[in-house]
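S.K.: To start, I am sharing the structure in question, which I have written as structure tokens.
The values are calculated or read from the model by the stated rules, or taken from the named source; none is laboratory data. Treat the numbers as computed from the prediction; the structure is a model and nothing was measured. Here the Cβ positions follow ideal geometry from the backbone for every residue, glycine too, while neighbour counts run over all protein chains shown. Note: accessible area is taken over every heavy atom of the protein model, side chains too, but ligands, DNA and RNA are not part of it. Shrake-Rupley method; radii C 1.70, N 1.55, O 1.52, S 1.80 Å.
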Amino acid sequence: MIYKGNEKIKSIYYGNQKIKEVYKGNQLVYSDKPVGYWIHKDTGVTTPIGLNEPFISGTTFNRPSWYIDALEIVVPEGIAVLNESFNGCDNLKIIRLPSTITTIGDLTFNQTPYLEGLYIKATVPPFLSSNLGANIGHIGNVKIYVPATSVNAYKTAPVWSNFSSIILSM
């Protein structure tokens, strides 16, 4: 992200032409598209997640630093399907899902022992697999936050109803 003082730059122009992306070396530092990111557990460094795919699978983040170092993940708008996406993200505490999410598939949260919060912007409860995985957060610590107008819909939706006691309003 690019800042002017403490204010985030929303648009960049070269003459009359709007710039779509800016890179510093190989790292994306500005995009006019909504971009997700993950935050490193020790350094706090933010690494963007682009919109090259309409879904995120286990292979999307199949690199050692992702599994070991991600503390928080913000999935970008435009992503609709998750499947084995965060499997083995050992230090992950917070996941933020976009309003465009329609499916949370098998093993998406498998082996995420420190997961504390799942924030979902979707107003309609996405399809939720009954096989999310094992070792998901500490019992009693995980909370699911959804739009205030959708709490009841989530609490009564298939599979989501199993988690009704931990579904809360954002």
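S.K.: Among the listed residues 140, 133, 117, identify the single one that is modelled with pLDDT under 85 and under 17 Å from residue 164 (Cβ atoms). Step through it out loud before you land on a result.
M.R.: On the way: 133 fails: under 17 Å from residue 164 (Cβ atoms); 117 fails: modelled with pLDDT under 85.
Selected residue: 140, the only one of 140, 133, 117 that is modelled with pLDDT under 85 and under 17 Å from residue 164 (Cβ atoms).
S.K.: Restricting attention to the stretch 96-110, does a residue exist that is farther than 21 Å from residue 169 by Cα, open to solvent by 40 Å² or more (accessible area, probe 1.4 Å), assigned to a loop (DSSP other than H, G, I, E, B) and modelled with pLDDT of 75 or more?
M.R.: yes
S.K.: Pull out all pairs, ordered by first then second residue, where Cβ-Cβ is under 9 Å, the residues are six or more apart or on different chains, the first lies in the stretch 76-90 and is free of Cβ contacts under 8 Å to residues at least 60 places away in the same chain, and the second is of a type in the set (A, V, I, L, M) and surrounded by fewer than 18 Cβ atoms within 10 Å (Cβ to Cβ).
M.R.: 76/51; 77/51; 78/51; 79/51; 89/68; 90/68
S.K.: Hey, among 165, 169, 129, 150, which residue is over 15 Å from the mean Cα position of the chain (by Cα) and without any contact (Cβ under 8 Å) to a residue 12 or more places away in the chain?
M.R.: Criteria check complete, one pass: 165.
S.K.: Select, from 87, 91, 131, the only residue that is crowded, with 19+ Cβ neighbours inside 10 Å and in a loop (DSSP other than H, G, I, E, B).
M.R.: 87
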